[in-house]
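The values are calculated or read from the model by the stated rules, or taken from the named source; none is laboratory data. Nothing here was measured: the structure is a model prediction, and the numbers come from that model. Cβ sites come from the backbone with ideal geometry, for glycine too, and all protein chains shown count toward neighbours.
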There are 2 protein chains.
Amino acid sequence: MAQPRGQMRNRILDVALELFNEQGYDKTSLREIAERLGVTKAALYYHFKSKSDILLELHLRLHELGRGALDEIDRVGAEKDALNAWPALIDRFVDDLLANRDLFLLHQRNQAAFHEIVDDERHQAENEDIEERFRHVMANPAIPLADRVRMTCSIGAVMVALMGADALFGDEPTERIAELVRSTVHELFPGK
Amino acid sequence: MAQPRGQMRNRILDVALELFNEQGYDKTSLREIAERLGVTKAALYYHFKSKSDILLELHLRLHELGRGALDEIDRVGAEKDALNAWPALIDRFVDDLLANRDLFLLHQRNQAAFHEIVDDERHQAENEDIEERFRHVMANPAIPLADRVRMTCSIGAVMVALMGADALFGDEPTERIAELVRSTVHELFPGK
DNA sequence: GTCTATATTTCGATAGAC
DNA sequence: GTCTATCGAAATATAGAC
């Protein structure tokens, strides 16, 4: 059952993401992950040095998305400013979220669990950098506080509406809801 | 050290809420709760039959808020409809959230943990009732889908902006942020 | 209502064979 | 790269004295 190259590593991450979202990170044991994969617990330790290391790896995928979004803010914000660019940035956020719903769900539903990887070296530098960059955008005194609140509100609007969409608007196609969310949020930035 | 009547029960709930928000529900042991109270683990079992029972009791406080809000929707929605009443309902939600931030934080940061109390009898009836009532509001075909999405967005806007306010707008007084959130969300319902 | 002491379970993690 | 076997730690929960 030896796997060619990095195959198994990704299979583990996929199954872990599945189970973490079904049961929660803390309620999911390595035994369960191994069982669903048809291997034993010990096999997992060849690929990851600890349970939290699996969570970390999944989290790093979110980091990539976050960095990508922040790069975009910097890029577009150079010509205009973050406020003027916000509707376009939100559109991108909607796309990212829909394309990576599982990862966002993991983060939303296991927020407490992520505190346990906060002291990992690999993680810490990146994470503080991302949070700092985001705080920096939201602390920009050149943008009126009212607009910065608007920007924050728009993020929450997208997250709750799209991640709760299945439960609330299960009959409607996701893309229809997404389009409505986009236009709703755009109304908060008239003329931008 | 015997406590008069239900005193200790509430002290346990307060300390548990504190620790659950600091460390997460799963990472908090009964030993820690007992230590912070200056009693032993076994003493807790006199007041609660299990750890998840403590979480349940805290969750029921949120139920009360939820039922209160839904009653208000029904009451106001009888004259107008939920859409017309929404801005006023959001104002109420902002107040509830600010007055019970700890409870909302608990729910937000430990969403996965709540899956473990979902099969409790006391909880189940209430919970399904609340969720069903809420879904019912959001499934009302008399309200255009675009407006129902707007309503959902507004909830997310309030939650993210107010619960993340400390990290983002720590310098500003909470009431100032709250007022900006209210007026931002009101813009999504012009003429209501 | 709180204590000491302990039963029981389960988990994360490691050692070493194959 | 996966296995069997096991260790050690920590947690929930209970029994019974005070």
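Scanning the stretch A:16-50 for residues that are crowded, with 19+ Cβ neighbours inside 10 Å, within 10 Å of DNA strand C (Cβ to nearest atom) and in a helix (DSSP H, G or I) gives A:Leu30, A:Ile33, A:Leu44. Against the definition (within 16 Å of DNA strand D (Cβ to nearest atom) and either in a helix (DSSP H, G or I) or under 30 Å from A:Asp147 (Cβ atoms) (or both)), how does A:Leu13 come out, yes or no? Yes: the conditions hold for A:Leu13. Scanning the stretch B:29-52 for residues that are in contact (Cβ under 8 Å) with a residue 12 or more places away in the chain and farther than 15 Å from B:Arg11 by Cβ yields a count of 2. Before we move on, is B:Asp166 surrounded by 14 or more Cβ atoms within 10 Å (Cβ to Cβ), of a type in the set (Asp, Glu) and in the same structural domain as B:Leu83 (by TED's automatic domain parsing)? Spelling it out, it is not the case that B:Asp166 is surrounded by 14 or more Cβ atoms within 10 Å (Cβ to Cβ), of a type in the set (Asp, Glu) and in the same structural domain as B:Leu83 (by TED's automatic domain parsing). Taken over the stretch A:86-112, the residue count meeting the criterion of being within 12 Å of A:Phe189 (Cβ to Cβ), more than 12 Å from every other protein chain (Cβ to nearest Cβ) and touching a residue at least 60 places away in the same chain (Cβ under 8 Å) is 3.
Filter the stretch A:1-12 for residues that are under 25 Å from the mean Cα position of the chain (by Cα) and surrounded by fewer than 18 Cβ atoms within 10 Å (Cβ to Cβ); which is nearest to DNA strand C (Cβ to nearest atom)? Of everything passing the filter in the stretch A:1-12, A:Arg9 is nearest to DNA strand C (Cβ to nearest atom).
In the stretch A:149-160, the residues that are within 7 Å of chain B (Cβ to nearest Cβ) form no Cβ pair under 8 Å with any partner that is of a type in the set (Lys, Arg), whether six or more places apart or across chains.
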